[in-house]
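The values are calculated or read from the model by the stated rules, or taken from the named source; none is laboratory data. Predicted model, so just to flag it, every value in this text is computed and none were measured. Neighbour counts run over all protein chains shown; Cβ positions are idealised from the backbone, glycine included. Heads up: the accessible areas ignore ligands, DNA and RNA and are worked out on the full protein's heavy atoms, side chains in. Shrake-Rupley method; radii C 1.70, N 1.55, O 1.52, S 1.80 Å.
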Number of protein chains: 2
Amino acid sequence: MLEKTHRMNYLYDFYQALLTPKQSSYMALYYLDDYSLGEIAAEYDVSRQAVYDNIKRTEAMLEEYEEKLLLFDKFQKRIELIEKMKQLIGNDENSHVLTEMIAELEKLD
Amino acid sequence: MLEKTHRMNYLYDFYQALLTPKQSSYMALYYLDDYSLGEIAAEYDVSRQAVYDNIKRTEAMLEEYEEKLLLFDKFQKRIELIEKMKQLIGNDENSHVLTEMIAELEKLD
C-alpha cells in the first residue's frame, strides 16, 4: 500500500494538470493529505462509494497517461543518472559550474 | 510558417500518444510527410475542409497539452543545459563516463 501511495503521489504530481478539478481535489485529499474515503465523502456531501469510484477511475487514468507519456519512468531514470554524475564530478574549476547545471536539470523535473 | 511547422513537429512528437489514430495520421501526413490538405483529403476520401478542421483542432489540443505539461519547454531548457555541460567537461579520467551519462540523459528526451 505504501508503495502504491508513493507511486500515486508521483503520478498525480506529473499529470494533475490533465485531471478535472474534482478528480484533482479527491486525489489530493486522499493521497497527499491522507483523508479517509469517509472524510472526503463528508466534506463533499456525497456517498463514500461515489468518492471511491471517482478515485479508482482517476488512478486508472493516471496509469494510462503514464503508459502513454512515461513521465514518471523517465524522471526516475534521469534522477539515477544525475546522482551518478554528481558523484563523478571532481574538484577542478569547472566542477562548481557543472554542479550548478545539474541542480538546474533537477529543477526541471 | 517554418517556425510553426518546427514547433508542431515537436509537440506532435511529445504528445502523439494522447491523440486518436485519425488525428495522429493527419498530423503525421501534414507535418512530417508534407502532404497538402487536398492530398490527405483524397487519401482518406473526405473533404479538404474536414481535414483542415481536424488538423486545426489537433493543433489546439497539442498547444493545450503543452500549456499543461510543458514537455517541449522543459526539453528545450534541458537541451540547452546539456550542451553547456558538454563544453565544460574536461579531459580527466571521469570525463568519458560523464559524457556517456549525458548521452543517456539526451536519449530520455
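Things to note:
- Hits in region B:14-27 (condition: loosely packed, with under 15 Cβ neighbours inside 10 Å and in a helix (DSSP H, G or I)): B:17, B:21, B:22
- Spans of helices (runs of 4 or more DSSP H) in region B:32-109 with at least 2 residues over 15 Å from residue A:105 (Cα atoms), at pLDDT below 90 and among the polar types (S, T, N, Q): B:95-107
- Inside region B:1-13, residues that are open to solvent by 60 Å² or more (accessible area, probe 1.4 Å) and either assigned to a helix (DSSP H, G or I) or among the β-branched types (Val, Ile, Thr) (or both) make up a count of 7.
- Residues of region A:54-99 satisfying the condition of being among the aliphatic types (A, V, I, L, M) and closer than 15 Å to residue B:89 by Cβ: A:81, A:82, A:85, A:88, A:89, A:97, A:98
- Just one of the listed residues (B:34, B:45, B:53, B:13) is without any contact (Cβ under 8 Å) to a residue 40 or more places away in the chain and within 30 Å of residue B:102 (Cα to Cα), and it is B:13.
- Apart from one condition, residue A:44 fits all of (1) open to solvent by 40 Å² or more (accessible area, probe 1.4 Å); (2) within 14 Å of another protein chain (Cβ to nearest Cβ); the exception is (2).
- Here B:70, B:81, B:62 are screened, and the one residue that is open to solvent by 70 Å² or more (accessible area, probe 1.4 Å) and of a type in the set (A, V, I, L, M) is B:70.
- Hey, residue A:39 closer than 21 Å to residue B:68 by Cβ and open to solvent by 60 Å² or more (accessible area, probe 1.4 Å) or not: no
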